[in-house]
Amino acid sequence: MGKLSLLTIALLFAGAAQAGTYSIKQESDCPLVSAGELQSAIARVGKANGLDLPNDMALRAELRCTSEGKGTRARFVYTFRAAIEKQLADGEMQRWATVAQLTGYGTTGSAKPLLRDVSFTVRDLIRQEP
């Protein structure tokens, strides 16, 4: 009986250690923000808001930028789309289905405001998670 209790406790701790982990899939073509900076910003918001997704779910982030203007007046028009997706099995095929989605957009000349908008968009997406 003692061994069973220890095994149960070990399994509970193993499950607790995995809480808050989730997969982030990202795409970016924005020269203002590196892939690492984007990943870090999304992970910080997920941790701060207690995002906990099962293994068959993922957070997908897509950042697109286009330049506007030249020189010191150069600005970037950006679109950031964040979605929580769930892996579904359709017979023998598996696909990802969107569970929740949110898009942020705007213009900026530097990375800091862009990453702030990324954080706000991800936070609002987490709040609408079903």
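The values are calculated or read from the model by the stated rules, or taken from the named source; none is laboratory data. Note that this is a predicted model, so its numbers are computed, not measured. As a convention, Cβ positions derive from the backbone with ideal geometry for all residues, glycine included, and neighbour counts pool all protein chains shown. Ligands, DNA and RNA are stripped out before the accessible areas are found, and what is left, the full protein with its side chains, is counted by its heavy atoms. Shrake-Rupley method; radii C 1.70, N 1.55, O 1.52, S 1.80 Å.
Under 5 Å from the amide H of Ser23 lie the amide H atoms of Leu59, each residue being 5 or more positions distant or on a separate chain, with H modelled from the backbone and absent for Pro and chain starts. Scalar couplings 3J(HN,Hα) for region 118-125, obtained by applying the Karplus form with A = 6.51, B = -1.76, C = 1.60 to θ = phi - 60°, are 4, 4, 5, 5, 5, 4, 5, 5 Hz; x denotes Gly and Pro.
Of the peptides 87-94, 120-127, 47-54, the order by per-residue mean of other Cβ atoms within 10 Å, starting with the highest, comes out as 120-127, 47-54, 87-94. Cα extents for region 21-128 along the principal axes, largest to smallest and rounded to whole angstrom: 54, 30, 22.
Remark on Gly109: its backbone amide H falls under 5 Å from those of Phe76, a criterion applied only to residues 5 or more positions apart or on other chains, H modelled at 1.01 Å from N. For Leu51, no residue has an amide H sitting under 5 Å from its own, ignoring neighbours fewer than 5 places away on the same chain, with H placed 1.01 Å from N. The mean accessible area for residues of region 21-128, using a 1.4 Å probe and ignoring ligands and nucleic acids, is 58 Å² per residue. Using only the alpha-carbon atoms of region 78-128 as identical scatterers, what base-10 log of I(q)/I(0) does the Debye formula give at q = 0.15, 0.21 Å⁻¹? Debye output, listed in q order: -0.50, -0.73. Our coupling estimate for region 91-96, obtained by passing each phi through the Karplus curve with A = 6.51, B = -1.76, C = 1.60 and θ = phi - 60°, is x, 8, 8, 10, 9, 9 Hz, Gly and Pro reported as x. The relative contact order of region 21-128 comes to 27 percent, based on Cα pairs under 8 Å that sit 6 or more residues apart. Couplings for region 46-54, taken from phi via the Karplus curve 6.51 cos²θ - 1.76 cosθ + 1.60 with θ = phi - 60°, read x, 5, 5, 9, x, 5, 9, 10, x Hz in order; Gly and Pro are left as x.
Around Lys112, under 15 Å between beta carbons, what's the net of Lys plus Arg minus Asp minus Glu among the other residues? Local charge sum for Lys112: +1.
Rolling a 1.4 Å probe across all protein chains gives Arg95 an accessible area of roughly 110 Å².
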